[in-house]
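Following: one structure in structure tokens, then a few remarks.
The values are calculated or read from the model by the stated rules, or taken from the named source; none is laboratory data. None of these values were measured; they are calculated from a predicted model. For neighbour counting, all protein chains shown are included, and Cβ atoms are generated from backbone atoms with ideal geometry for every residue, glycine included. Keep in mind that these areas ignore ligands, DNA and RNA; they rest on the heavy atoms of the full protein, side chains included. Shrake-Rupley method; radii C 1.70, N 1.55, O 1.52, S 1.80 Å.
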Amino acid sequence: MNEATHILAFLRHGEYHQKPNTPSALQHGALTTLGQQQAARAAEDVYHYAQAHGLRLHPEIDTSHSLRAWQTADTLKQTLKHQAGFQGRIVEQKTLHERSVGALANLSVTEIEHILEQDPRVESPPLNWKSDSHYRLPVHGAESLLSAGERVAGHLNRTFTSLAQTETQPTLKIVVGHGASFRHAAFLLGLLSFEDIAQKSMHHARPLYFEYRTRSQDWRHRHGEWKQRARANPSMID
């Protein structure tokens, strides 16, 4: 492996306690027992991948502020410390959050649609508003899925541009975030086609590995499998 090569290990958080039929962005539920187990297994995967490819584990694990992402990162950190003496730390990043629904956060889909029906200033959202990459709820603080992807893609590009300038040793950096915002980031980074955004998902706490190519400043998928999304359930609320 070229010494200028750096690897992103991106993980969707583990399974967590989630309100049903509710956009997940600002939900603060903790990991379930299964979610904790998923995160511990992910640490083993990351450790073996780094060992097999001669990669140094970067000492900072980036994560969103959400509890489920932070707990996933913390379990990774603790497991890696036990396995390999990892002495890293967790860095929370607001840029890694899921798509925000702003003032309508933590309301069910039914409640959101009812509130908008009562507002004479706005049009009713389209039937597929949850999965429409371009649609933004017409309330304060809301963003589209593509806007969320731009946030995440920007963070990854800035982070790995800096790594390329400061790290001479091949490095693996762990980033923990959310499925829909990362899929849209992957599209913007050239890792997925636009059609793939709706057809693919991410397994809970199962790392996908991507190479940042320093000279060309672009990305390629190295290892790990996307989850195939059921056609009958195209929701992108997480």
Checking the structure you have, find out if any residue of the range 213-228 is assigned to a loop (DSSP other than H, G, I, E, B), modelled with pLDDT of 95 or more, under 22 Å from Tyr16 (Cα atoms) and among the aromatic types (Phe, Trp, Tyr). yes
Out of all the residues in the range 60-102, which are within 20 Å of Arg41 (Cα to Cα), part of a loop (DSSP other than H, G, I, E, B) and open to solvent by 50 Å² or more (accessible area, probe 1.4 Å)? Gln87
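Taking the conditions exactly as written (open to solvent by 10 Å² or more (accessible area, probe 1.4 Å), assigned to a helix (DSSP H, G or I) and without any contact (Cβ under 8 Å) to a residue 60 or more places away in the chain), does Gly190 satisfy them or not?
On the way: open to solvent by 10 Å² or more (accessible area, probe 1.4 Å): yes; assigned to a helix (DSSP H, G or I): no; without any contact (Cβ under 8 Å) to a residue 60 or more places away in the chain: yes.
For Gly190, the condition - open to solvent by 10 Å² or more (accessible area, probe 1.4 Å), assigned to a helix (DSSP H, G or I) and without any contact (Cβ under 8 Å) to a residue 60 or more places away in the chain - is not met.
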When you scan the range 103-124, how many residues do you find that are open to solvent by 30 Å² or more (accessible area, probe 1.4 Å), more than 12 Å from Leu26 (Cα to Cα) and in contact (Cβ under 8 Å) with a residue 60 or more places away in the chain? 1
Evaluation of Met1 against (1) modelled with pLDDT of 90 or more; (2) not in a strand (DSSP E or B) (one fails), failing number: (1)
Could you list, in sequence order, all residues of the range 129-174 that are assigned to a strand (DSSP E or B) and either open to solvent by less than 10 Å² (accessible area, probe 1.4 Å) or charged (D, E, K, R) (or both)? Thr171, Leu172, Lys173, Ile174
Look at the range 87-143 and say how many of its residues are more than 18 Å from Lys19 (Cα to Cα) and hydrophobic (A, V, I, L, M, F, W, C). 11
Any residue in the range 175-187 that is part of a helix (DSSP H, G or I), over 17 Å from His97 (Cβ atoms), open to solvent by 40 Å² or more (accessible area, probe 1.4 Å) and in contact (Cβ under 8 Å) with a residue 24 or more places away in the chain? yes
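Per-residue answers, yes or no, for (1) assigned to a strand (DSSP E or B); (2) within 18 Å of Pro170 (Cβ to Cβ); (3) touching a residue at least 24 places away in the same chain (Cβ under 8 Å):
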site	(1), (2), (3)
Ala9	yes, yes, yes
Pro20	no, no, yes
Leu26	no, no, yes
Gln38	no, no, yes
Ala50	no, yes, yes
